[in-house]
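Here's the structure we're looking at; comments come further down.
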Amino acid sequence: KEPIYILAIESSCDDTSAAILNHKNVLSNITASQKIHEEYGGVVPELASRAHQQNIVPVVHQALNKANIDKKLISAIAFTRGPGLMGSLLVGTSFAKSLALGLDVPLIEVNHMQAHILAHFIEGQEDGIPEFPFLAMTISGGHTQIVLVKDYFDMEILGETLDDAVGEAFDKSAKILGLPYPGGPLVDKYAKEGNADAFQFPKPKVEGLNFSFSGLKTSILYFIQKETAKNPNFIEENLVDICASIQKTIIGILMDKLKKAVKQTGIKNIAIGGGVSANSGIRNALRTAEKNRGWKTYIPKFEYCTDNAAMIGIVGYLKFNEMDFTNQSVSAKARYKI
Ligand code: KG4
Ligand code: ZN
């Protein structure tokens, strides 16, 4: 039955999102972000699931309205099965199952981490579509992975974080500096005006292609405590330089591992995804590697980097083509490997 329309739902963390895709084209991609967590300096799971419950119907309605299609035309419902917060996933999963029953259309389950990677296959992006095989680095508040992507659904994790995600490293550093949550974008903003060589922070020694960020956070905390004991105005007098130095260290850690992955695999096609892809430091580093190392890099549109339903929809479309449907007994999975 042509044309194909996929209605996609994402609710794995603190964003409630719904999208409509016509094949690989995004007709609408509506996201309700939850402000409530700012007060707590991080995502509170119980509050996240309650907010999803409130947001999901209006968000799906808006997505249908913006796409301007009748719900009778929907070919299938795609939803995030995992990984993520159980209470959050349950809202999207239950809603998707009910909607598929009500509309009498197939149901498609999607792995959120695969979706971050396959977001590159959404039509109309600046860098075009990556060729297989490629390396994907997913960097966000919840994830930090380097994945070897051999085909749409043939992926292998080469490395991942052993503790904090890279977005958390940004956010926790920002918190130490007294900046509001999420502090990543602010560190980036101040870093642009600062001297990245002003202060030195140690890079962790981690085997292979895995990452660790918790030690960095501790060394920043000790450094700030030591300096403010000597000068109570240390942070405000040096904010831009501190931010620039922290950002340089974090981006250095990411780039070292990417270079290692390229050396190990011989693959120079590099795609990134996740909220930290917005960071100017990682963008510049990748563009430089493109010139100096002959890499081909792919940075998706920002709206497809952060958590969004359009990326769930593209996976839904790819699975629809393979008739890879799931049945009504499917349940959410908080831990779900690629
Ligand atoms: O993908 P995302 O919206 O949500 C998940 O965590 O899955 O990513 C949010 C993360 C936060 O940690 C935020 O601080 C970080 O991405 N982030 C940034 C920037 N923009 C967002 N970190 C550094 N520089 C940025 N410009
Ligand atoms: Zn995500």
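Taken together, the values in this text are just the output of simple stated rules run on the coordinates, not laboratory data. Computed from a predicted structure; not experimentally measured. Reconstructed Cβ throughout: ideal geometry from the backbone, glycine too, with neighbour counts over all protein chains shown.
What residue, of Gly159, Gly183, Gly141, is more than 15 Å from ligand 2 (Cβ to nearest atom), surrounded by 21 or more Cβ atoms within 10 Å (Cβ to Cβ) and closer than 17 Å to Tyr40 by Cα? Of the residues listed, the single one that is more than 15 Å from ligand 2 (Cβ to nearest atom), surrounded by 21 or more Cβ atoms within 10 Å (Cβ to Cβ) and closer than 17 Å to Tyr40 by Cα is Gly183.
Residues considered: Lys333, Lys248. Of these, the only one that is away from ligand 1 (no atom under 11 Å from the Cβ), surrounded by 17 or more Cβ atoms within 10 Å (Cβ to Cβ) and in a helix (DSSP H, G or I) is Lys248.
Does Thr138 satisfy the criteria of being out of contact with any Pro (no Cβ under 9 Å at 6 or more places or on another chain), polar (S, T, N, Q) and near ligand 1 (Cβ under 10 Å from one of its atoms)? So Thr138 passes the test. So is Gly316 within 15 Å of ligand 2 (Cβ to nearest atom), surrounded by 15 or more Cβ atoms within 10 Å (Cβ to Cβ) and within 23 Å of Lys150 (Cα to Cα) or not? Answer is no for this residue. Between Gly194, Gly128, the distinction of being outside any helix (DSSP H, G or I), surrounded by fewer than 20 Cβ atoms within 10 Å (Cβ to Cβ), over 16 Å from the mean Cα position of the chain (by Cα) and more than 16 Å from ligand 2 (Cβ to nearest atom) belongs to Gly128 only. Selection of first residues in the range 188-199 that are under 17 Å from Asp171 (Cα atoms) and touching a residue at least 12 places away in the same chain (Cβ under 8 Å) and of second residues that are more than 14 Å from ligand 1 (Cβ to nearest atom) and not acidic (Asp, Glu), restricted to Cβ pairs under 7 Å at least 6 apart or on distinct chains, gives the following pairs, ordered by first then second residue: Tyr190/Leu239; Tyr190/Val240. Selection over the range 1-53 of residues that are more than 16 Å from ligand 2 (Cβ to nearest atom), part of a loop (DSSP other than H, G, I, E, B), touching a residue at least 24 places away in the same chain (Cβ under 8 Å) and over 29 Å from Gln125 (Cβ atoms) gives a count of 1. Among the conditions (1) within 28 Å of Pro58 (Cβ to Cβ); (2) in contact (Cβ under 8 Å) with a residue 60 or more places away in the chain; (3) surrounded by 19 or more Cβ atoms within 10 Å (Cβ to Cβ), Val105 misses just one, which is (2).
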